[in-house]
Amino acid sequence: MNRQTLMMTALLLLGLEGTLRLFHVPDYLFPLPSQTFATLWSSRWELLQAFQETTTMALIGLALSVVGGVFLALIISLSQWLRAGILPVALFFQTVPIIAVAPMLVIWFGFGGPTVIASSCIVSFFPILASSLKGLESTPKAMLELFKLYRATPMETYLKLKIPFAIPWVLNGLRISLGLSIVGALVGEFIAGGGLGSLIDSARTQQRVDLIFAAVFTSCFLGWLLTASFDYGQNHFFRRWMK
Amino acid sequence: MVSKDSKLILSVRQGGKSFSQNEILRDIDIHLQEGDFLSILGPSGSGKSTILRLLAGLENWTSGEQVENSDLSRAFVFQDPNLLNWRTTLENATLPLELQAHHHSRSSSDLETQGLEALKMVQLESAALLYPHELSGGMKMRTSLARAFITKPKLLFMDEPFAALDEPTRETLQEQLRDLWKHQQATIVFVTHSLQEALFLSNRIILLHGKPASIHKELQISLPESRKASIRTTPAYFQALTELRECMQILSQKEKELL
């Protein structure tokens, strides 16, 4: 985060604080930013524990999405027949809203971690599948012809050309899925308990709007942290792919 | 390079090519002898690259027949260098050897030695550990040449490889290519739309004309075997260039009449 972003954020918060005070907006409707920061501090251990739980669940869900999405993309890319058979089904599941499926997940997996992981995985799965497939199918014709001329086996073409060529696409899908995995985990936690989702839900029942805001702020921080870590890792380990 | 004893290595008779209902090529006769350097010249869209792809076996003729010695090692250089971004210059150059590893076993040090030799041939050994995004256009094309020559191909197909380069780089690479051709005793089929390039490089030039395109004329180039940049200022070169230009002018006039 650069200096300009910090200054703009500070200005926005100060403006919000001033406006809320000026119009005497009650804190059960919209708490003052200063009050939210006070709650962030006073409930820090509770928030930290919820933060850790949500992070763990989101990352496990995301990891399963990466493994499953890339594997399925590899299988689909093997033949047009498989593509025609599997892709429409995958597209159909993408259109199912997670909030509608979440209660079913509780019936199947019970309360707690497994449901949250499943919810996170379902939401983050499709961008990785779609991007990986796009990457595998985008290998330039000339490069494929080059491999054909050198009599490369299909396995060599995959390992030395198609898969390395698809890496930037997989990374793009992963970046989109990072944010979605947090959304999926939060939705799962609303239903199955645990983490920031559950904390937000219980604060709602207690009319603790300041705690809701503190938990939302923590969720945003989690999203920013994962994206920033991802960008750092991408620039550090996959630099030559991104040029 | 082509002598009386040179063997015929590839021959096409009455070759034709159509895409759907669109006839692109008609009555193509090409006979390649060992050590040939044949250039195919013609205006844009005349089917030069299609002929090259057909000769290389990347596409099939619609009519006619192609007879060739299938044991010949071959390589193809595209207009775009097509380097793999995630591999160093050295790793890009050794790619064909890696892909042939299931036919001939090679150790990694062996690969490295041969890769460095290939890069040395194109004066790029100092850039061995650089990645493609760190190379200039000319260096990328030299890497592509090193990759093509590393297998010591007997038959090399080149599709306007220097078209995107600036004039000085292009002339340097033309000289290097001519040296590599002599050194490796390869047979090269080269597609270009530059008269000067075709004249400097080739021993034979085929001129394409018409729609569908057919071979209008085949010219033997009688310039000395050893060609350096200075040849471009000799009267013999000027005379050959003028003849070639006149042929092209006649062709373009004929095409205008047809329109």
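The values are calculated or read from the model by the stated rules, or taken from the named source; none is laboratory data. In this text, all values refer to a predicted model and were calculated from it rather than measured experimentally. As a convention, Cβ positions derive from the backbone with ideal geometry for all residues, glycine included, and neighbour counts pool all protein chains shown. These area figures cover heavy atoms from the full protein model, side chains too; ligands, DNA and RNA do not enter into them. Shrake-Rupley method; radii C 1.70, N 1.55, O 1.52, S 1.80 Å.
Averaging the sequence gap over all C-alpha pairs within less than 8 Å and six or more residues apart, then dividing by the number of residues, gives chain A a relative contact order of 28 percent. Using R₀ = 30 Å, calculate the FRET efficiency as 1/(1 + (r/R₀)^6) where r is the Cβ-Cβ separation of B:THR233 and B:HIS183; round to 0.05. With R0 = 30 Å, the Cβ-Cβ based efficiency is 0.75. The charge dipole of chain A, taken about the Cα centre with unit charges on the Cβ atoms of Lys, Arg (+1) and Asp, Glu (-1), comes to about 1040 debye, rounded to the nearest 20.
Counting only Cβ charges, +1 for Lys and Arg and -1 for Asp and Glu, the dipole size of the protein assembly as shown around its Cα centre is about 200 debye.
Over the residues of chain A, the helix contribution to mean residue ellipticity at 222 nm works out to -28500 deg cm²/dmol, using -39500 (n - 2.57) for each DSSP H run of at least 4. Each residue of segment B:84-89 is assigned a 3J(HN,Hα), and the resulting list reads 8, 4, 8, 10, 6, 4 Hz, derived from the Karplus form 6.51 cos²θ - 1.76 cosθ + 1.60 (θ = phi - 60°), x at Gly and Pro. Near the amide H of B:HIS209, within less than 5 Å, lie the amide hydrogens of B:SER214, B:HIS216, all on another chain or at least 5 residues away, with H placed in the peptide plane.
Does segment A:49-242 come out rounded, prolate or oblate by the C-alpha gyration tensor, with a ≥ b ≥ c the root eigenvalues, rounded set by a/c under 1.5 and, if not, prolate when a/b is larger than b/c and oblate if not? Since a/c reaches 1.5 and a/b is larger than b/c, the shape of segment A:49-242 is classed as prolate.
Here the Karplus relation 6.51 cos²θ - 1.76 cosθ + 1.60, evaluated at θ = phi - 60°, turns the backbone of segment A:203-210 into coupling constants of 5, 4, 5, 9, 6, 8, 5, 4 Hz, with x for every Gly and Pro. For chain B, the share of DSSP beta bridges that are antiparallel, to the nearest 5, is 50%.
Measuring between alpha carbons in the structure, the pairs from A:LYS148/B:LYS211; A:LYS148/B:LYS152; A:LYS162/B:LYS120; B:LYS182/B:LYS228; A:LYS134/B:LYS48 lying more than 20 angstrom apart are A:LYS148/B:LYS211; A:LYS162/B:LYS120; A:LYS134/B:LYS48. When DSSP beta bridges are restricted to pairs lying wholly in the protein assembly as shown, around 50% turn out antiparallel. Full extension of the chain between A:ARG83 and A:THR19 yields a length gain of 17.5 nm, computed as 0.36 nm times the residue separation minus the alpha carbon distance. Farthest towards the positive end of the charge dipole of the protein assembly as shown, among the residues A:PHE238, B:THR172, A:GLN4, is the Cα of B:THR172, using unit charges on the Cβ of Lys, Arg, Asp and Glu. Using the Cβ-Cβ distance between B:LYS211 and B:LYS152 with R0 = 41 Å, the FRET efficiency computed as 1/(1 + (r/R0)^6) comes to roughly 0.60.
The charge dipole of chain B, taken about its Cα centre with unit charges on the Cβ atoms of Lys, Arg (+1), Asp and Glu (-1) only, comes to about 260 debye. Estimated from the Cβ-Cβ distance and a Förster radius of 35 angstrom, the FRET efficiency linking B:SER109 and B:VAL67 is about 0.30. Database remark: amide H of B:LEU10 closer than 5 angstrom to the amide H of B:LEU32 (H placed geometrically; neighbours at sequence offset of 5 or more, or on other chains; Pro and chain starts carry no H). Couplings for segment B:135-145, taken from phi via the Karplus curve 6.51 cos²θ - 1.76 cosθ + 1.60 with θ = phi - 60°, read 9, 7, x, x, 5, 4, 5, 5, 5, 4, 5 Hz in order; Gly and Pro are left as x. Here A:PHE238 sits with roughly 70 square angstrom of accessible surface, probe radius 1.4 Å. At the residue level, A:ILE163 shows approximately 60 square angstrom of accessible surface with a 1.4 angstrom probe and all protein chains present. Within 10 Å of the Cβ of each residue in B:72-85, the mean number of Cβ atoms contributed by other protein chains is 3. For B:ILE24, the residues whose amide H sits under 5 Å from its own are B:LYS17, B:SER18, B:PHE19, ignoring neighbours fewer than 5 places away on the same chain, with H placed 1.01 Å from N.
In chain B, Cα pairs under 8 Å separated by at least six residues give a relative contact order of 26 percent.
Across the options A:ILE167, A:ILE182, A:ILE117, the greatest Cα extent toward the positive end of the charge dipole of segment A:49-242 (unit charges at beta carbon of Lys, Arg, Asp, Glu) belongs to A:ILE167. Which residues does the label zone of A:MET8 cover in segment A:22-47, counting backbone N under 17 Å from a point 7 Å along Cα→Cβ? So the set is empty, nothing qualifies.
Residue ranking by accessible heavy-atom surface, 1.4 Å probe, largest first, among B:HIS209, B:HIS183 comes out as B:HIS183, B:HIS209. Heavy-atom accessible area, probed at 1.4 angstrom with all protein chains present, ranks A:GLU189, A:GLU17, B:GLU134 as B:GLU134, A:GLU17, A:GLU189, highest first. Taking A:TYR232, A:TYR158, A:TYR150 and ordering them by how much accessible surface each has at a 1.4 Å probe, largest first, produces A:TYR232, A:TYR158, A:TYR150.
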